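Input: a single structure, listed below in structure tokens.
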């Protein structure tokens, strides 16, 4: 048949292995999709999810308190009972509260920036916006944190600025507030909060900006046409439609804060966050089961958070 | 009587582009008014100026006598049906329709009742719980319409509302819109690039070209008595004939328009040559009628004749005939 076709000139003949492969994939697009997904499936499915499951499994083992040996012969909830001891619950509570404050604050700060970038910035200004948001990501995370430590230190630039403005009393008043205050910003929860806010901000701005950009302008016209003041248009149309972006951003800021162990170690108090607890339990303390149980906490919290967000209709506009 | 909408020397520029250039228009209350023109002719800009989405660079717009300069869209009792409907994707159908009442804090029960009534008016009763994404194009169009009329605005603006619908649905919606307009008694201003739609629906039509209004009149005026080559050309596929041709018949050197359907075509005998004898160059069958392209010494004239067995074929010699008043005179040469 192909010979006859070749003679008629209807079918263009191509020879070679590449041509044959191309034709094969054209006939079986499913195979092509499978091959494209295979590396990701191997990585996510086996290496990533597999090790996650192994980790979860660890949390159901218990450590022998005398010998310090992990008993792998039976599954037990003993480690979770240990997790619920007051000092551990304190760590969880502190971390969740920090993550929530960082998330809310970065959403509030990021939204107007993202809004202006999505609605008004064009051409050159848009490039500048992307550069401004992404530039901090080019620098090493550790360098940024140490830089912040210097900024926030008692001898740092922030203190100096407050001094020049004759506002040292304000800073002192803030630092004298119990819990969030301290000797200086660099060793207070306020400092930890500020550094988290700075480091995760791009992860909040970009999804919100993408979400706002996807809102067609004629919806804003329609809202205004139907009698909505700009304020009403914001709350009834723009915000609900941008909400998936806010949620996406908050997943980043919230989960990154929940798991981070470096920032609170460099800037902040001596009280542990979840990440630090995991770090010390799997390291010096050698209590792998408890470290594993600690890592389960952020996973569970994120699960609850996403379920609540879904129930609140945050993904309806997707 | 106060005009529903009046524009006086209204201009709107975008940079160097004059989207609208000193336009004067008056739309009467209760009228079904069409703004017709090719894309980029300024008709949509005109609509957006009336709605308040754009502000004119010069001139004055009045709605029922009130100057609306600087009045934002949300304080104008004018509603719009958008070209691509602009339904809120995060709300269901009834919430979309009740949106304006929700803003005005109408009690929930009352606004749901009124929204349902508006949906019934566009034959979508019972669809309230669906999402816009679950509706067909025609249904979305009706929701957009219900949302715009639920407040009984003084003026309803429609921006190519039927553009995205297929032919059959479009014809059905044209009828329904006419009936709706009559029963509501609201002034409708309708933007379209489809002359058939404008002529069949509107009481009066304004023809736009390059930011200017070329002619305003009843559909019959526009169709039968175009005042310019542009209008004759754009509204229906009329023959625009040159001053030379016109002067050979009437003696006046002016451009003329000759409707294809007002021309009789007779097969001519072998050598009977007159000024109106030519050769059929093209022939397309259109059902009840057949369109012929006839070459008269270099001028191609379109004629539409009833389809029958003895319609001239391509290459035939034919002679054209038309009543003298079928030749409508337009602007003079120049």
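Values quoted throughout were computed directly from the atomic coordinates according to the rules given, and no laboratory measurement underlies them. Nothing here was measured: the structure is a model prediction, and the numbers come from that model. Don't worry about glycine lacking a Cβ; one is built from the backbone with ideal geometry, like all the others, and counts go over all protein chains shown.
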Q: Could you bin all the Cα-Cα distances of the stretch B:202-334 into 10 Å bins starting at 0 and give me the percent of pairs in each, rounded to whole numbers?
A: 12, 39, 33, 14, 2, 0
Q) Please state the relative contact order of chain A as a whole percent: Cα pairs under 8 Å, 6+ residues apart? A) 23
Q.
Taking the 0 to 90 degree range and rounding to the nearest ten, how far is the long axis of helix B:167-184 tilted relative to the main principal axis of chain B, both from C-alpha atoms?
A. 60
Q. Taking the alpha-carbon centroid of each part, what is the distance from the stretch A:7-70 to the stretch B:84-140 in angstrom?
A. 46
Q: Two decimals is fine: what is log10 I(q)/I(0) at q = 0.21, 0.25, 0.34 Å⁻¹ for the stretch B:123-166, from a Debye sum with one equal scatterer on every Cα and no solvent?
A: -0.76, -0.99, -1.27
Q: Determine, for B:308, A:184, A:250, the number of other Cβ atoms within 10 Å of each Cβ, and report the residues in order from fewest to most.
A: B:308, A:184, A:250
Q. Which three lengths, in whole Å and largest first, does chain A cover when its Cα atoms are put on their principal axes?
A. 91, 67, 39
Q: Compute the projected area of the convex hull of the Cα atoms of the stretch B:162-214, averaged over all viewing directions, and report it in nm² to one decimal place.
A: 4.1
Q) When the C-alpha atoms of the stretch B:1-131 are aligned to their principal axes, what extent does each axis show, in angstrom, from largest down? A) 47, 33, 25
Q. Using alpha carbons only, how many degrees (0 to 90, rounded to 10) separate the axis of helix A:86-119 from the longest principal axis of chain A?
A. 60
Q.
If I build a Gaussian network model for chain A, linking alpha-carbon pairs within less than 10 angstrom, which residue out of A:164, A:209, A:172 has the largest mean-square fluctuation?
A. A:164
Q: Compute the Kirkwood hydrodynamic radius of the stretch A:2-59, taking the inverse of the mean of 1/r over all pairs of distinct Cα atoms, and give it in Å to one decimal.
A: 14.9
Q. For a paramagnetic label modelled at 7 Å from the Cα of residue B:176 toward its Cβ, which residues of the stretch B:98-132 fall within the zone defined by backbone nitrogen distances under 12 Å?
A. B:119-125
(Q) Using Cα-Cα distances under 8 Å and only pairs 6 or more residues apart, what relative contact order does chain B have, in percent? (A) 17
**Q.** Selected from B:209, B:200, B:183 as most flexible by GNM, with chain B as the system and alpha-carbon contacts under 10 Å
**A.** B:183
Q: Grab the DSSP H runs of chain A that are 4 residues or longer, score each as -39,500 (n - 2.57), total them, divide by all residues and round the 222 nm result to the nearest 500 deg cm²/dmol.
A: -22000 deg cm²/dmol
Q: Go ahead and set up a Gaussian network model of chain A, Cα springs under 10 Å, then flag whichever of A:89, A:296, A:17 fluctuates most.
A: A:17
Q | Distance in nm between pseudo-label sites at residue B:22 and residue A:56 (7 Å out along the Cβ direction from Cα) | A | 7.6
Q: Find how many whole Å separate the alpha carbon centroid of the stretch B:303-334 from the alpha carbon centroid of the stretch A:104-151.
A: 70
Q) Which Rg and Dmax, in Å, describe the Cα atoms of the stretch B:55-183? A) 15.4, 46
Q) Could you give the angle, 0 to 90 degrees to the nearest 10, between helix A:239-259's Cα long axis and the longest principal axis of the Cα atoms of chain A? A) 60
Q) Along the principal axes of its C-alpha atoms, what lengths does the protein assembly as shown span, in descending order and rounded to whole Å? A) 123, 80, 51
Q. By average Cβ neighbour count within 10 Å, what is the ranking of A:33-41, B:95-103 from highest down?
A. B:95-103, A:33-41
Q. Measuring from label point to label point, each 7 Å out along Cα→Cβ, what is the residue B:285 to residue B:123 span in nm?
A. 3.3
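Determine by what factor the alpha-carbon radius of gyration of the stretch A:216-309 differs from 2.2 N^0.38 Å, reporting the quotient.
Numbers: Rg = 20.7 Å, N = 94, 2.2 N^0.38 = 12.4 Å.
That works out to 1.67 for the stretch A:216-309.
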**Q.** As computed over chain B, the Cα convex hull volume per residue (Å³)
**A.** 166
Q: Whole Å is fine, so just give me how far the alpha carbon centre of the stretch B:195-225 lies from that of the stretch B:279-297.
A: 27
